[in-house]
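Peer 1: Below is one structure. I have some questions about it.
The values are calculated or read from the model by the stated rules, or taken from the named source; none is laboratory data. In this text the structure is predicted, and so the values were computed from the model without any measurement. Neighbour counts run over all protein chains shown; Cβ positions are idealised from the backbone, glycine included.
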């Protein structure tokens with residue numbers, strides 16, 4: 001379970017990454033496991049905060 005502030009905190013870290021970023025880069029920046037990172041990234045995609053470009057890359061929606 002993630003804290004309610006997790007998406008906003010994650011966005012701060014993801015915005016600092018070179019764009020586009022890989023799932024692995026996001027996982028490392030967030031200091032978490034792939035098991036946690038994937039659902040979090042999918043949640044951010046669904047909110048429109050990030051955008052999945054292809055199977056391995058995402059970008060922060062500006």
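Peer 1: Looking only at the stretch 18-35, which residues are touching a helix residue (DSSP H, G or I) at 6+ places or on another chain (Cβ under 6 Å) and over 20 Å from residue 46 (Cα atoms)?
Peer 2: Hit for the stretch 18-35 is 29, nothing else.
Peer 1: Could you look through the stretch 30-47, keep only residues that are without any contact (Cβ under 8 Å) to a residue 24 or more places away in the chain and surrounded by 17 or more Cβ atoms within 10 Å (Cβ to Cβ), and pick out the one that is farthest from residue 58 (Cα to Cα)?
Peer 2: Out of the qualifying residues, it is 30.
Peer 1: Listed residues 62, 47, 12, 27; which is out of contact with any strand residue (DSSP E or B) (no Cβ under 7 Å at 6 or more places or on another chain) and at pLDDT below 95?
Peer 2: Numbers: 47 fails: at pLDDT below 95; 12 fails: at pLDDT below 95; 27 fails: at pLDDT below 95.
Step by step, each of 62, 47, 12, 27 is checked, and only 62 is out of contact with any strand residue (DSSP E or B) (no Cβ under 7 Å at 6 or more places or on another chain) and at pLDDT below 95.
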